[in-house]
Amino acid sequence: MFITYNVSSWPTKHAQLKIWIIEMAELCQPDRIHWCDGSEEEKKMLEQEAFKTGELIELDQEKWPGCVYHRTHPNDVARTEHLTYICTSTKKMAGPTNNWMPPDEAYKKAREIFYGSMRGRTMYVVPFSMGPIGSPFSKIGVQLTDNIYVVLNMRIMTRMGSAVLKKLGTNGKFTKCLHGKADLDEKKRLILHFPEDNTIWSVGSGYGGNVLLGKKCLALRIASYLARQEGWLAEHMLIMGVEDPSGRITYIAGAFPSACGKTNLAMLIPPESMKHKGYRIWTVGDDIAWMRIDTDGRLWAINPETGFFGVAPGTNYNTNRNAMETIKKNTIFTNVLLTKDKNIWWEGMDGEPPQEGINWEGKPWRPGMVDKKGNIVLGAHPNSRFTAPIIQCPSISNRIEHHHGVLIDAIVFGGRRPHTVPLVYESFDWKHGVFLGATMASERTAAQYGKQGEIRRDPMAMLPFCGYNMGMYFQHWLDMGKKMEKPPKIFHVNWFRTDKDGNYLWPGFGENLRVLEWIIGRCLKTAGARITPIGYVPRPEDLDLTGLSLSREAMEELLYVDKEAWLEEAKEIERFFKTFGSDLPMELKNELKALQERLMKE
Ligand code: GTP
Ligand code: SPV
Ligand code: MN
């Protein structure tokens, strides 16, 4: 079959872009090519088309105006880290924590899967900008995809359409992003990154981070590679402003691994008993931060995205009212429960579960159902998500479009640690803070395939997202600290410490403001702490605990530094550090030694 595309009618004079699209079209052989302009009419047209094929289902428009529903293949409901590769010319550049494939081999393997895979389909051309269009700190990508769901998600998550194409001009730089669902066969699923070619190829998946190529693939993996070369940071971080009673806003960036609370913290609502203090939270971003040193020698951050791709289960008016308000309209729901009357539900949503519905696997569902092994059958997949425009968030910051972004005063690392790690502690300095980030760990969640609950090291929450050798990445962090006049203070938090029965000791969610208040107090030098071998830890009296029903013992346990457990932890860190060989910066080895010495001294 020979298909001609009407190239002269394409809305660009960018020769390289046209040549690349022709090449990719020759490979994938779509019947048609559609250039996305990002308009409202286009959105409607795409939705109508997807309703016809069943790719999308329109929800009850009275209850959920502008909202649609989508289910991905049951074998395709989370990122597949084992099928994600960094394809640099040397294995050393990818480092010990990434899967690596030589570029030639990777292109060849993927070519075979892409070949002819869009026959009978349309290839959509999606020009998008990560960061405000035209800002010197933004990056442009062009994604080719055969999937309407992906186009509509990209439309919410990025600045997308004609304005981006215009900005690209006749020779602007862009990341080449190719995505195809192919036949969704797991054995033919590959998420490939070619940082040296500024190229991403994703095939055989239709799920979130695997296919919304602006997000994890560009804004983290490719961007982290570029950031090292260009002297900035691309991080898996939320960005929030905490306005204190005097009106001053302190901006905090926080790195927690997937499904560990970034979205929730970024939209925090102060608890009742702290209301009188007049704190207010401003949401800048919930997943990705791009940070650079400005002329003032300080660290400034932007959120390159324009939407939330947030975890649905557990989201309700109690835990995250701002998220519930955000997703009331114009939202795409993925892999949640669908009812006959085109309503949706997920575990942990407000109110009673519906009497029946179709669950994330596309099977009939009733509350309390169990499978053959006696396990509860879930309505929504634990990693089911909502895609919603950030502008609909009641707590949205007004600095979202400022290309300067916001000045970061504190960086917070955190993870799910049932034991050992206290509620909060502060590093001694930047270098020690980088050590805290480099050694953080967390229980695995449903956001990625693999054994749930297993504790793994996830440095800076970037283990799945660092586009190059993580040893070099640590060095880059250390170097950034040296370039700053006044680097942010670095903290570590843990909302997930448990008691003997496995119950969370800390109430979390809105109550986390108490910890943020201490963090800000440390930045302003108004809050107290005790010095421990692991860093500065608050005493119970250093935190405002008014109105919190928490026993003195629970509080002490939350802030306890168990030296024996920490010596064990240090041994594990030592083992982890060994995997980096000579790529591990000496400064981090020294930090570990210093920690061990402090632990043994007392
Ligand atoms: P990604 O989008 O995967 O990067 O995740 P995220 O870090 O934004 O995670 P999110 O905020 O969506 O939280 C995921 C899960 O953590 C949800 O089930 C929340 O209910 C739970 N969670 C968030 N904050 C807290 C907290 O303070 N305490 C407890 N116990 N659970 C929390
Ligand atoms: C994560 O897993 O960290 C996410 C969701 O934010 S995804 O975009 O699917 O990677
Ligand atoms: Mn994430």
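As a test of reading the structure, rank S89, S395 by solvent-accessible area (1.4 Å probe, protein chains only), most first.
S89, S395
Ordering K91, K340, K176 by how much accessible area each has at a 1.4 Å probe, largest first, what is the list?
Heavy-atom accessible area, descending, gives K340, K91, K176.
Using only the Cα atoms of segment 390-464, build the gyration tensor, take square roots of its eigenvalues as a ≥ b ≥ c, and label the shape rounded, prolate or oblate: rounded if a/c is under 1.5, else prolate if a/b is larger than b/c, else oblate.
Cα axes put segment 390-464 in the oblate bin.
Once amide H atoms are placed 1.01 Å from N in the peptide plane, what residues at a sequence separation of 5 or more from N316, or on another chain, have their amide H within under 5 Å of its amide H?
none
Would you compute, for the Cα atoms of segment 14-141, the largest minus smallest coordinate along each principal axis and list the three values in descending order, in whole Å?
Sorted largest first, the three principal extents are 55, 39, 36 Å.
Based on the Cα atoms of segment 319-472, what semi-axes does the equivalent ellipsoid have, where each is the square root of 5 times one gyration tensor eigenvalue, given in whole Å with the largest first?
35, 24, 14
List the relative contact order of segment 475-602 as a percent without decimals, with contacts defined as Cα pairs under 8 Å and 6+ residues apart.
19 percent
Measure off 7 Å from each Cα along the Cα-to-Cβ vector at Y115 and V370, then give the distance between these two points in nanometres to one decimal.
Going from the Y115 label point to the V370 one covers 5.1 nm.
I'd like the accessible area for K44: 1.4 Å probe, protein heavy atoms, all chains in place, Å² to the nearest 10.
For K44, solvent-accessible area is about 120 Å².
Taking the Cα of H276, stepping 7 Å toward and past its beta carbon, and measuring to each backbone N in segment 530-564: which are under 20 Å?
Counting only backbone N, you get 541-550.
Bin width 5 Å, alpha-carbon pairs only: give the P(r) of segment 1-63 as whole percents, running from 0 to the bin holding the largest distance.
Each 5 Å bin holds this share of Cα pairs: 3, 14, 17, 18, 17, 14, 7, 4, 4, 1.
For K18 and K44, what is the calculated FRET efficiency with R₀ set at 30 Å and r taken between the beta-carbons, to the nearest 0.05?
0.60
Between 0 and 90 degrees, rounded to the nearest ten: what's the tilt of helix 563-578 against the longest Cα principal axis of the chain?
Result, in degrees: 40.
Considering only protein heavy atoms, what per residue accessible area in square angstrom results for the chain with a 1.4 angstrom probe?
40 Å²
Could you state how much accessible area I455 has, in square angstrom rounded to the nearest 10, with a 1.4 Å probe and all protein chains kept in place?
80 Å²
Please give the direction-averaged projected area of the C-alpha convex hull for segment 145-209, in square nanometres with one decimal.
If you wrap the Cα atoms of segment 145-209 in a convex hull and average its projections, you get 5.1 nm².
Could you give me the ³J(HN,Hα) list for segment 170-177, computed from phi with Karplus coefficients 6.51, -1.76, 1.60 and θ = phi - 60°, whole Hz, x at Gly and Pro?
9, 8, x, 7, 8, 8, 7, 10
Per DSSP H run of at least 4 residues, take -39500 (n - 2.57); add these up for the chain, divide by its residues and hand me the 222 nm value, nearest 500 deg cm²/dmol.
Counting only the DSSP helices, I get -7500 deg cm²/dmol.
Label-point separation (nm) for K486 and R248, each offset 7 Å from Cα along Cα-to-Cβ?
The answer from the label model is 0.9 nm.
Return, for the Cα atoms of segment 254-397, the radius of gyration and Dmax in Å, separated by a comma.
That works out to 17.9, 63 Å for Rg and Dmax.
Could you compute how much accessible surface D244 exposes when probed at 1.4 Å, giving the result in Å² to the nearest 10?
About 20 Å², rounded to the nearest 10.
Probe radius 1.4 Å, ligands and nucleic acids ignored: give me the carbon and sulfur share of the accessible area of the chain as a rounded percent.
That fraction is 51 percent.
Where does the chain land on the Kirkwood hydrodynamic radius, alpha-carbon pairs, in angstrom?
Mean inverse Cα-Cα distance, inverted, gives 24.9 Å.
Going by accessible area, probe 1.4 Å, with all protein chains left in place, what is the ranking of R189, R248, largest first?
R248, R189
Got a sec? Charge dipole of segment 490-602, +1 on Cβ for Lys and Arg, -1 for Asp and Glu; which of L545, F577, F496 is way out at the positive end?
F577
Please state the relative contact order of segment 98-163 as a whole percent: Cα pairs under 8 Å, 6+ residues apart?
Across segment 98-163, relative contact order equals 31 percent.
So what's the projected area for segment 184-223, the Cα convex hull averaged over all directions, in nm²?
Approximately 2.6 nm², given one-decimal rounding.
Determine which aspartates and glutamates satisfy two conditions relative to K483: a Cα distance under 12 Å, and not lying fewer than 8 residues away in the same chain.
D294, D296
If the cut-off is a Cα-Cα distance under 25 Å, which lysines reach K187, setting aside same-chain residues fewer than 8 apart in sequence?
Result set, ordered by chain and number: K91, K108, K109, K176, K215, K216, K363, K451.
Run the simple label-point estimate for E572 and R32 please: 7 Å along Cα→C-beta, distance reported in nm.
5.4 nm
Take the cross-link list K18/K188; K563/K593; K44/K139 and give me the ones stretching past 19 Å between alpha-carbons.
K18/K188; K44/K139
Over all directions, the average projected area of the alpha-carbon convex hull for segment 486-553 comes to how many nm²?
5.7 nm²
First measure r as the distance between the Cβ atoms of D185 and K451, then evaluate 1/(1 + (r/R0)^6) with R0 = 30 Å and state the FRET efficiency to the nearest 0.05.
Result of the calculation: an efficiency of 0.80.
The values are calculated or read from the model by the stated rules, or taken from the named source; none is laboratory data. On a predicted model such as this, the values are computed, not experimentally measured, just so you know. Virtual Cβ from ideal backbone geometry, glycine too; neighbours counted across all protein chains shown. Accessible surface is based on the protein model in full, side chains and every heavy atom, while ligands, DNA and RNA are left aside. Shrake-Rupley method; radii C 1.70, N 1.55, O 1.52, S 1.80 Å.
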